[in-house]
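Remarks on the structure that follows.
Nothing in this text is a laboratory measurement; each read-out follows from the coordinates by a stated rule. Please read these numbers as outputs of a predicted model, since none were measured by experiment. Note that we place each Cβ from the backbone using ideal geometry, even for glycine, and neighbour counts take in every protein chain shown.
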Amino acid sequence: MLCADLIKLLSWQEPDYASFSQQTILEGIRTVLKPEYKFNMRLLQAQYRDRPMSAMDTAIFWTEYVIRHKGAPHLRTAAVHMPWYQTLCLDVAP
């Protein structure tokens, strides 16, 4: 999950670094201590923990899978065979 997605999910506000002060830090702490934030974090925690295997078992499974399938070329992205400027969607004049 990207940080931007987490901010959106929890209704966080991205800090304004230009006007950062002690007051803004205290306001942020007070906001995070509200019950709605605790509720949202509990939901996020439940979603994260609802998985068939632990994170270690998942990592072991995929490592063994790639070994069994000799690098698993069928799972590789097509971007591996593209020049770097195409993967970044840059227009290059000929």
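Tabulated data for the structure shown
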read-out: About the Cα centre, charge dipole magnitude for region 20-88 (Lys/Arg +1, Asp/Glu -1 at Cβ), debye; value: 80 debye
read-out: Full-extension gain in nm, Gln22 to Asp91, via 0.36 nm per residue minus C-alpha separation; value: 20.4 nm
read-out: Residue-wise HN-Hα coupling along region 62-74, computed from phi with Karplus coefficients 6.51, -1.76, 1.60 (Hz; x: Gly, Pro); value: 5, 5, 5, 4, 5, 5, 4, 9, 6, x, 6, x, 6
read-out: Largest-first principal axis extents of the Cα set of region 20-88 (Å); value: 55, 38, 16
read-out: Table column - 3J(HN,Hα) (Hz), region 22-35, Karplus curve with 6.51, -1.76, 1.60, x for Gly and Pro; value: 4, 4, 5, 5, 5, 4, x, 5, 4, 5, 5, 7, 5, x
read-out: Label-point separation, Ile60 to Met41 (7 Å along Cα→Cβ), nm; value: 3.1 nm
